Amino acid sequence: MKSLLTTLCFLLSHWLTAQTVIRGKVTEAGTDKPLPFATVYINTTTRGTTADENGSYRLTGIPAGTVEVVASYVGYKQARQVVRVRPDAPATVNLELAPTGNALTDVTVTAKRSRAWERMLRTFKNELLGESPWAGRCVLTNPEAVILTDGSDGHLRAKATEPLVFDHNAFGYRIYYDLLSFDFFNRAVYYGGATRFEEMKPESPQQQRRWQRNRQQAYEGSTRHLLTTLLAGTYEQEGYMVFKSNINLSAQAMPSAPVMSFEEARRPVRITPDSVSRLFRGGELGNERVMILDKPLEIFNTRLNTRNSPYPDMPFAYSLLYLPRQTAIVTTDGWVSVPNGMEIRGHLSRDRLANLLPADWRPMTDAIQPTEKPLAEGTLLSPDARLDSIKRDWRIAQKSALPLVFLHTDKTFYTTGDNLWFSAYVLNPTTYAPLPNRLAEVDDALHLDWINASGRVLRHRWVPLKNGRANGAFRLSDSLQTGVYTLRAYTEAGRMANRPAFERTILVSNGLGNLPAVSGKELRPNPVSGQKTLQPNLQFDATADTTQIQVRVVQTGPTRDEPVYLTLQSRERFVGNAKIKPANGRAILAVPTLNVPMGLIRLTLFDSEGQPNAERMVWLAPSPDPVRLTITPDKARYQPRDTTSLQLRLQTDEGEPLPANVSISITDADQLPPDSLMASFRAHLFAQATRALPDFAQPTARRDTSVGMVVRGRVLDRKGQPVPKAGVLLTFVTQTESFARSTRTDAEGRFRLETLVLTDSAQVTARVVDEAFKPLKATVRLDNPGGPQGEGHVWPVDTSASGQWWRYVGAIRAARLRQAESPEGYRQGDARQLREVTVRAIKPTDDREARRVSLHGTPDRAVTFDEKSAQYGNVYEMLRGRVAGVQVTSRQDPSAMGGYTVIVRGIGSFGSNNAPLFIWDGQYIDENETGTGLLIINPAEIERIEVVSSASAAIYGARGGAGVVAFYSRKSKPDQVTPGAEAMLVMGFPRPVTFVPTLLDPARTDRRDVLFWTPQQQTDTQGNLTLRFPLSDVARTLRVTVQGISTSGLPVSVERVVKVQ
């Protein structure tokens, strides 16, 4: 559905300030006749009452500020009045209601149950409630009160004979909605009304906690949450990025998707925590603020990846907030009391009735209340400045948190000739949300290692990451021996920090060999340990159930009774903190879980000086299996090769819809046993988080921010010694493109290039120069692309899975039958072990060969050089004064390190970049910030320079917008090797592949073990998903395995068995 224009009409105020009384009388308009027992309430709150027999009413506990009083009565139009309530000053509000003019007996209901009416009612409810997962939990109890008309003009309009009553079973509210208007046309809806909330009575304490958690989840990411965090200056910690934009706002549509990135397209001004206070000034009341905006705000919620962002480099939930009158009044708890026409577009505009919370609802506070009180052992003290300092340091450390990695494979047992299909998840370590790409034009990259039982890496593969997800496949060669293999997955950030990678065991059987020896040993997973302790004199442990987290602290030595500090963190925010004074060295604290979100909770204990001492991890879940999977086939039994349709539905264990991004494998349960070699998604993430606990004794390491593929290497001289501060020019040549990148070595002769995207294998030629840019005779060695291993490095591997072969004897026999039916699909006649290959590139023999890769054809200007030409110190000096139309100036800025500025005269460029595109023998060379990028080229090797400043430069796209300068090297003999140049082979990203379930011809028996595989699938907002695939000839029972992550960050790992034949 389109992002819609929504005008905020909440006229609400703060509910914690000085309170007063509103009284008055409800009468009939024109007659002053009292309307006994009329309903009177404050709009969008739980504050309401019923008038007495004289029409008089009294509302108590109303806070100071701007509120809207609403009165309704059956058979009368609703009356509303905005009231400015002063502190401790009672207000009188008399309301007059006009008759609707239609008696109830005039309403015709005979046609309301037609199919057309049911269809219109569904549309009405969908648009009124919205698209959130909570909409399915709202039940309209009086649909007969809705009058629907579907006009010939295409408009669906609605009105109601009485307030509509919705039971919101996810939030625990009964909602009374006085509908004023409703008009749905061309996928846009305009509606208005007043809302009254009533608390529903919970059936159990568990249901009350579930309602409170759902309310908190709906609040986070809402307009109220955004405004509250903006006022508090904590919006960046809550995942928002806010910019003041230059958009010329139109009331008709969202801004169109720009060609350029967000920064290039809008030149926005980012609102920082230091500058956000300029958006507000004090209001008339202490809890009010005047919001001042002369330009729209563009808002990105980085915790949500949606498809509504118009910017390819900002794939987050996008919203736009606009004040047409440049001011609005908001309260410190995020309510808009005087909107002045405030408009919200995009993601936040999708908030509808199903997401609405009453104004007097309060967000979750810390689980540990900051009041001094005795504990079972010890005393809970009030927070102090040191606790604030601990929280501030924690937020700084969070910026270097490393991502978590999980890999889902289509099965756990393979035979040679099989394809191993995988789906990768790279997640934020605290929110469990997939990490978005940091650059729109460059995919992030994931390392994948295939390791044999000896611990040697047989194959490394780069896999492109798109917003935290990746998928692919690779074929298991016939040359593989039967045995236990390990599949490792890790990010470049994890490799740099030397953190544990994702690992899973894979069993491979060579179908041409004998069956492996088997035993009856059952593999037991190692228990997960979630603790780390630094000082032995201060220790604690933590246990959790669905009602509380119990913390026990033991402190010994001379500091046994000094205070200690405890923090609880979840989802990138504090959910509790406490200052505790032990009694006789002991303290026991019970933390209620009502205000603690489900999932991974990190508890950290600090000593009296605020130094971290120990850490524990606990997992809060309402039950041992918090995710339900329901599978409904479209029929009870199938015939062989029938197309099967399965309806999947994901829910929490409490029956709430669970929208999620998942990968799904469907296998023949009679051929493949369940996966006993891998922990669940939830257990694996817990284990990864506990293994990666920070080292309190060491400062936090800088987080690696590289994107794309990374090439690392070392430059050595003739004696094998490192060459420091050498310039390295790497030229990459593939079948479809060529380009050059330059860098310098460090003190140890090492270099590193990142932000590479190679869609194919590339021949890489390396050229080395010294600090004076003179060619060097040196050797360039590229590192292995995987982990920190050198030549012959052996990884420790877990071979205990060799005792699992007895479980797969039946699978091995089934695989042999399957491969016998289709040997051409599994056997490779030229199969051999993959190994590292080094090749030497052939240099073009003349400049015409180089110009073959030139796109511009005839240049605008050209200059040739020969042996008699003057000698130049560098290429910039060669251009200066020798090439017409090119202006070269030396930079005066000391930070430029003697750099140059090159401008092609007579041509303009888009944006602020006026540097031309440089090309060296067909390869692009990027100029650097210091203007020294061309110093890597030896001017003595240049034979010809071409300049393009006309429309011909457009063939190079935006990169040629400031002109093109192309260099061509001198003619070289075929056997001539340029000093300092070496050629190597670098493997790029694999080509995308798609799983296609293919049936064999009817003359053969279809024995597929994997019937369906989808690496990335998104459920709808109600957690529903439909899968269709053909059955095999032999499948009788299917095993459906679903792994993934929900939109709320809940790991999904469920498996079900379905009988089909």
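Straight-line reach from Lys777: which aspartates and glutamates have Cα under 15 Å away, leaving out those fewer than 8 places along the same chain?
Result set, ordered by chain and number: Asp717, Glu982.
Which cross-chain or sequence-distant (5 or more) residues have an amide H under 5 Å from the amide H of Thr45, H modelled 1.01 Å from N in plane?
Under 5 Å from the amide H of Thr45: Phe197, Ala359.
Going down the table (Lys774/Lys868; Lys244/Lys391; Lys125/Lys1059; Lys201/Lys1059), which pairs top 32 Å between alpha carbons?
Values: Lys774/Lys868 20 Å; Lys244/Lys391 29 Å; Lys125/Lys1059 37 Å; Lys201/Lys1059 41 Å.
Beyond 32 Å between Cα atoms: Lys125/Lys1059; Lys201/Lys1059.
I'd like to compare 1031-1037, 138-144: which one has the highest average count of other Cβ atoms within 10 Å, and what's the full order after that? List each step's numbers first, then the result.
Details: 1031-1037: 19.1, 138-144: 15.4.
Packing order, densest peptide first, comes out as 1031-1037, 138-144.
Give the distance, in whole Å, between the Cα centre of segment 601-673 and the Cα centre of segment 395-426.
Between the Cα centre of segment 601-673 and that of segment 395-426, the gap is 16 Å.
Quick one: which residues, 5 or more positions from Gly417 or on another chain, have an amide H under 5 Å from its amide H? H modelled 1.01 Å from N in the peptide plane, none for Pro or chain starts.
Leu476, Ser477, Asp478
Ranked highest first by average number of other Cβ atoms within 10 Å, how do 606-618, 449-461, 198-210 line up? Can you show the working numbers first?
Details: 606-618: 19.2, 449-461: 17.5, 198-210: 13.6.
So the peptides 606-618, 449-461, 198-210, ranked by packing, come out 606-618, 449-461, 198-210.
Apply the Karplus curve 6.51 cos²θ - 1.76 cosθ + 1.60, θ = phi - 60°, to the phi angles in segment 189-199 and return the couplings in whole Hz, x for Gly and Pro.
Taking θ as phi minus 60°, the curve returns 10, 10, 8, x, x, 10, 10, 10, 10, 10, 5 Hz for segment 189-199.
Out of residues 5 or more away from Thr644 or on other chains, whose amide H comes under 5 Å of its own, with H placed 1.01 Å from N in the peptide plane?
Amide H neighbours of Thr644: Phe1029, Leu1031.
With an 8 Å Cα cut-off and a minimum separation of 6 or more residues, compute the relative contact order for segment 6-97 in percent. Numbers along the way, then the final one.
Numbers: 231 pairs, mean separation 33.2, N = 92.
Here the relative contact order equals 36 percent.
From the phi of every residue in segment 984-990, what ³J(HN,Hα) in whole Hz does the Karplus formula 6.51 cos²θ - 1.76 cosθ + 1.60 yield, where θ is phi - 60° and glycine or proline is x?
9, 10, 10, 7, x, 5, x
Using r as the Cβ-Cβ distance of Glu929 and Glu748, and R0 as 22 Å, what FRET efficiency do you calculate, to the nearest 0.05?
With a Förster radius of 22 Å, E is 0.35.
If you count, for each residue, the other Cβ atoms within 10 Å and average over each peptide, how do 155-164, 30-39, 859-868 line up from highest to lowest?
For the peptides 155-164, 30-39, 859-868, the packing ranking is 155-164, 30-39, 859-868.
Could you give me the ³J(HN,Hα) list for segment 59-75, computed from phi with Karplus coefficients 6.51, -1.76, 1.60 and θ = phi - 60°, whole Hz, x at Gly and Pro?
Ordered by residue, 3J(HN,Hα) equals 10, 10, x, 8, x, 5, x, 9, 10, 10, 8, 10, 10, 9, 7, 4, x Hz.
Since every read-out is calculated from the coordinates, none of them should be taken as a lab result. Source: prediction; values computed, not measured. Cβ coordinates were reconstructed from backbone atoms using ideal geometry, including for glycine residues, and neighbour counts include every protein chain displayed.
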